[in-house]
Amino acid sequence: MSRVVAYRLLGSLAAIFGASLLAFLIMRVLPGDPARIILGPLATPKALAEVNHQLGLDQPIFAQYWHYISDFFTGNWGYSYTLNASVSSLFVERFPATIELALFSFVLTMGAAVILALLSTYRHRPVTDAIVRGASYIGFGTPPFFLALLLLIIFFKSLHWLPGPEGRLQVGASEPPAVTHLFLIDSLLAGQLNTFWESLRHMLLPAIALGIGSFSFMVRLLRANLLEVSREPFITVARGKGLPRWTAFRRHALPNAFLPTLTSAGLVLGEFLAGSVLIERVFDWPGIGSLVFEAIVKQDFAIVQAFILLSAVIFVLVNLMVDLLYAVIDPRVRIPAVTSA
Amino acid sequence: MTVTTDASSPDPALSVRNLSTVYEAKAATVHAVRDVSFDLRPMERLGIVGESGSGKSALALSILGLIEPPGRVAGGEIMLGGRDIAKLSDRELGSVRGKEIALVLQDPATALDPVKTIGRQIIEAIAAHEPGLKRSAARRRAAELLGDVEISHAEQRLDEYPHQFSGGMRQRVVIAMAIALNPSVLIADEPTTALDVTTQAQVLALLDRLVDEHRTAVILITHNLGIVSEFCDSVAVMYAGRLVETSGVDHIFESPTHPYSEALLACVPNPEKLAQGPLPAIAGYPPDLSSLPSGCAFAPRCPVGRDIPQCHQEAPQPHAVSGPAGPAVVECHFAEARIREASR
């Protein structure tokens with residue numbers, strides 16, 4: 001058990017190290033001189049050298065890497081010259097919007113995937129099954145940003161059901177008092193039902209656009225697992241005890257079908273937290289994704305570099321948590337088997 | 001080991017009449033169980049033997065009403081406790097399964113839910129029929145049951161998971177769940193096939209003791225004739241979805257009347273004859289259950305009827321015959337002739 005944990009921790013560290021190396025190297029080989037971008041085209045060579053020195057870019061490459069890594073883990077993520085603020089303060093300011101969208105989309109995606117997988121497998125329903133599989137094909141094959149535009153055209157422009165790309169609340173609306181920085185929760189805490197409703201409406205389209213690909217993936221995975229598990233003899237045994245069909249399915253098929261999908265669920269959550277750049281851009285969502293998009297356009301290296309490493313850390317942490325979760329809830333991982341006696 | 005069957009009791013524990021089960025696919029309909037009838041007396045032990053794919057397991061699941069789509073029971077009666085359970089809804093059958101008829105499956109490795117404790121799974125079997133039962137009482141009952149199937153430290157082992165048990169132990173747990181409510185009929189589908197020989201003997205001896213104590217009638221499905229001779233009072237030989245020969249065990253081993261029974265028996269390894277060469281096997285393959293011949297299903301492989309037109313054209317009806325070792329019901333045109341031959 002502790003060996004498993006140690007092994008996982010080591011693997012996580014290796015993954016973060018690899019990502020940091022990649023981020024560091026990519027930023028070094030990309031065209032564009034950071035000092036030139038900061039000072040503008042008219043800067044003198046002396047001033048450029050000065051800035052390069054400030055940035056540490058005149059040091060040997062290993063020393064540069066060491067500074068980069070140690071700065072990252074001490075929270076010193078550099079300074080954004082385009083926004084005139086420290087990267088860490090920008091991230092702290094922007095992260096709640098991304099977290100809220102990611103969590104909301106995750107709940108929506110998983111909920112829909114579970115319900116549809118159940119509908120298509122519990123009892124013999126060929127038509128429902130065909131519809132679910134068809135929908136998952138479409139979700140799988142459509143690029144999220146294209147789907148985002150499509151959703152906006154239908155639900156905002158034509159039907160006027162949901163708000164357009166204006167961020168987390170309507171323009172000019174005041175934010176709920178900040179407690180968790182998640183508008184859905186904060187508005188409820190403050191009793192502002194109207195703000196809650198608006199925030200929900202604003203989040204719906206981006207959450208769907210963000211989640212549709214992962215939804216398609218999860219619904220297929222769950223469907224396959226449920227089909228496989230519901231053919232297991234222990235389901236027949238449970239039914240043979242006199243359990244009603246649904247009880248046997250709920251108690252014995254569901255846990256066994258869901259357990260192996262935890263890993264994928266972890267990947268999906270990691271992806272939502274770190275990979276919503278284009279979706280945030282389309283919906284003008286004030287999260288990390290929009291920040292990074294602007295930073296890429298303006299060649300603001302400090303932000304991009306920190307983002308790459310941060311998303312790697314998020315991914316690794318979420319997956320580490322999933323691995324540890326297995327050890328808690330799966331008895332086959334938690335308790336060693338007794339060799340047959 | 002033989003059980004004195006009470007001949008004066010006319011009511012069978014289970015009576016199956018003309019049971020048919022089909023699996024309907026787009027291309028073809030598979031007739032897994034065809035017009036099967038038999039009686040099971042209280043405390044009788046009936047062995048059903050046959051090759052893989054002969055419909056043994058489908059018969060077991062049909063009796064319990066556990067055939068899943070695209071399969072369905074196409075017709076027949078299953079009389080249990082004075083009513084036809086084939087006519088009950090799935091919900092109504094829930095109160096029959098586990099309480100009046102219980103099931104033990106072949107592979108103990110997959111018959112238990114891997115993520116639930118043994119205790120929960122045993123308690124579930126009891127609680128399904130006694131909803132008001134208190135947790136502590138249910139737990140005590142479960143521990144007693146584990147003790148009954150000769151698992152030591154029962155109280156502690158209730159909180160363990162299936163992977164902490166060996167194969168033989170798991171099958172004991174499955175048996176404990178099956179006998180939990182004193183069912184009048186137990187259907188055991190190859191209960192020892194997945195176990196090694198020593199464990200097989202132990203599990204069989206356990207089953208033997210328990211069904212005696214609980215006064216349970218047993219349908220033992222197997223392809224192992226050795227187990228039948230040891231455990232059963234009577235035997236039904238299944239071929240291509242039909243019971244081709246039904247009799248007491250003595251009859252089958254002394255004068256198997258259906259040519260298929262005879263062939264099946266000839267395939268049992270006999271240490272005295274091993275030196276004489278390779279084991280005999282039945283030539284050919286069982287028929288495709290989706291396109292059965294109009295005559296006897298065994299005719300193409302039958303050493304007796306292979307070349308006889310009647311066997312290929314006309315399906316044999318059950319013939320009640322009386323052999324040297326007791327009566328039998330045989331589905332073969334030559335049943336009487338073969339009995340006469342055997343008696344000479």
* Asked: Fully extended, how many nm does the chain gain between A:Val92 and A:Ala327 (0.36 nm per residue separation, minus their Cα-Cα distance)?
  -> 81.4 nm
* Give the angle, between 0 and 90 degrees and rounded to the nearest 10, that separates the Cα long axis of helix A:126-141 from the longest principal axis of the Cα atoms of chain A. => 10
* Of the residues A:Pro41, A:Pro126, A:Pro96, which exhibits the maximal mean-square fluctuation in a Gaussian network model of chain A defined by a 10 Å Cα contact cut-off? -> A:Pro41
* Asked: Extension gain A:Ile335-A:Val179, at 0.36 nm per residue separation less the Cα-Cα distance, in nm?
  -> 52.1 nm
* To do: Could you state the angle between the C-alpha long axis of helix A:61-73 and the longest principal axis of the C-alpha atoms of chain A, as a value from 0 to 90 degrees rounded to the nearest 10?
  => 60
* Under a point-charge model restricted to the Cβ atoms of Lys and Arg (+1) and Asp and Glu (-1), what is the dipole moment magnitude of the protein assembly as shown relative to its Cα centre, in debye to the nearest 20? -> 940
* Please give the FRET efficiency for A:Leu30 paired with A:Phe146, using the beta carbon to beta carbon distance and R0 = 30 Å, rounded to the nearest 0.05. => 0.65
* Peptide A:226-237 - average C-beta neighbours from other chains (10 Å radius) -> 5
* Please say if region B:136-189 is rounded, prolate or oblate, where rounded means a/c under 1.5 for a ≥ b ≥ c the square roots of the C-alpha gyration tensor eigenvalues, and otherwise the choice is prolate for a/b larger than b/c and oblate otherwise? => oblate
* To do: Measure out, as a whole number of angstrom, how far apart the alpha-carbon centroids of region B:225-266 and region A:88-127 sit.
  => 59
* Asked: Based solely on its DSSP helices, what 222 nm [θ] is calculated for the protein assembly as shown when runs of n ≥ 4 H residues each add -39,500 (n - 2.57) and the sum is averaged over all residues, nearest 500 deg cm²/dmol?
  -> -16000 deg cm²/dmol
* To do: Using the structure shown, select from B:Lys99/B:Lys134; A:Lys241/B:Lys116; A:Lys241/B:Lys87; A:Lys241/B:Lys26 the pairs with a Cα to Cα distance greater than 25 angstrom.
  => A:Lys241/B:Lys26
* Counting pairs of alpha carbon atoms under 8 Å apart in space and at least six apart in sequence, what relative contact order in percent does chain B give? -> 19
* Asked: Between A:Leu9 and A:Ile61, what FRET efficiency comes out of the Förster formula 1/(1 + (r/R0)^6) with R0 = 22 Å and r the beta carbon distance, rounded to 0.05?
  -> 0.20
* Using the number of other C-beta atoms within 10 angstrom as an exposure proxy, rank B:Thr222, A:Thr74 with the fewest first. => A:Thr74, B:Thr222
* By how many degrees, between 0 and 90 and to the nearest 10, does the Cα long axis of helix A:193-230 differ from the longest principal axis of chain A? -> 50
* Distance between region A:283-307 and region A:263-279 - C-alpha centres, whole angstrom -> 17
* Just rank B:Met169, B:Met79, fewest to most, by other beta-carbon atoms within 10 angstrom. => B:Met79, B:Met169
* To do: Using a Gaussian network model of chain B whose springs link C-alpha atoms within less than 10 Å, name the residue from B:Ala25, B:Ala125, B:Ala74 with the highest mean-square fluctuation.
  => B:Ala25
* **chain A: most fluctuating residue of A:Val292, A:Val171, A:Val328 per GNM, C-alpha cutoff 10 Å** => A:Val171
* Structure fact -> The residues A:Val268, A:Val132, sorted from fewest to most surrounding Cβ atoms within 10 Å, come out as A:Val132, A:Val268
* To do: For the protein assembly as shown, just the Cα atoms, rotate onto the principal axes and tell me the three extents in Å, largest first.
  => 122, 57, 56
* Asked: Roughly what % of DSSP beta bridges within chain B run antiparallel, to the nearest 5?
  -> 65
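We did not get these values from a lab; they are worked out from the coordinates using the rules stated. Quick caveat: nothing in here was measured; it's all calculated off a predicted structure. Here the Cβ is made from the backbone with ideal geometry for all residues, glycine too, and neighbour counts use every protein chain on show.
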